[in-house]
Amino acid sequence: MKQLTHSDIKNKQQQFAITIVCDAIRTPENIGMCFRISESFGVQKIYFDESSPSTENRIVKKTARNTISQIKHAVYNDFNEIIHQLKAEGNTIIGIEITDKSINIQDFNFKNHKKIVLLLGSERNGIENINLVDETIVIPMYGRNSSMNVIHSLAITLYEVTNQLK
């Protein structure tokens, strides 16, 4: 058995109709990892709140590696406005959040939606206005903790979405 290097691996490059909206994510490592994981899963675009660390932040750059230049991204200053705009463009807004109406991720049929926005809430407060989402999904957990890092949730969700859509 031989461990492969980056130059040995040729991924099937594919883009999906998936947009990420980061609702006031403030940790530079999480912003950088959002770029990295989104690029890995063929996300079309990422939106960041104006209060999030910028792409010029040293930690964001280090964590994202070279993916900042490989994925479209923009900054918004009004959460309600960006969500309404994305809905008007035909997106289904799916919050990755624990609510009384959340559907287990493996039971959610992502193929029923042509354009998907995955909405990530802030590390501290969750999604700013949960009533704007069309659906919420939850990742079943089996330990004592009731939540996980926001980017870990994104990675698991992108795996499930792209697995269904491919």
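Pairs meeting the criteria (first residue in segment 110-129 and assigned to a strand (DSSP E or B) and surrounded by 18 or more Cβ atoms within 10 Å (Cβ to Cβ), second residue of a type in the set (Phe, Trp, Tyr) and modelled with pLDDT of 95 or more, beta carbons under 8 Å, at least 6 apart or on different chains) are ILE116/PHE16; ILE116/PHE110. Screening ILE94, ILE71 for residues that are within 20 Å of GLN164 (Cβ to Cβ), of a type in the set (A, V, I, L, M, F, W, C), surrounded by 19 or more Cβ atoms within 10 Å (Cβ to Cβ) and touching a residue at least 24 places away in the same chain (Cβ under 8 Å) leaves exactly one candidate, ILE94.
Residues that are more than 24 Å from GLY126 (Cβ to Cβ), among the aromatic types (Phe, Trp, Tyr) and open to solvent by 10 Å² or more (accessible area, probe 1.4 Å) occur in segment 7-18; there is at least one.
Out of SER40, SER52, one residue alone is open to solvent by 70 Å² or more (accessible area, probe 1.4 Å), among the hydroxyl-bearing types (Ser, Thr, Tyr) and under 19 Å from LEU154 (Cα atoms). It is SER40. Does GLU81 satisfy the criteria of being part of a helix (DSSP H, G or I) and within 22 Å of HIS152 (Cβ to Cβ)? Here the answer is no, as GLU81 does not meet what is asked. Within segment 62-77, which residues are under 18 Å from the mean Cα position of the chain (by Cα) and of a type outside the set (S, T, N, Q)? Passing the criteria: ALA64, ARG65, ILE68, ILE71, LYS72, HIS73, ALA74, VAL75, TYR76.
The values are calculated or read from the model by the stated rules, or taken from the named source; none is laboratory data. No experiment lies behind these values; they were computed from the predicted model shown. In this analysis, Cβ positions are derived from the backbone assuming ideal geometry, glycine residues included, and neighbour counts consider all displayed protein chains. Side chains are part of the model used for accessible areas, which takes the heavy atoms of the whole protein and leaves out ligands, DNA and RNA. Shrake-Rupley method; radii C 1.70, N 1.55, O 1.52, S 1.80 Å.
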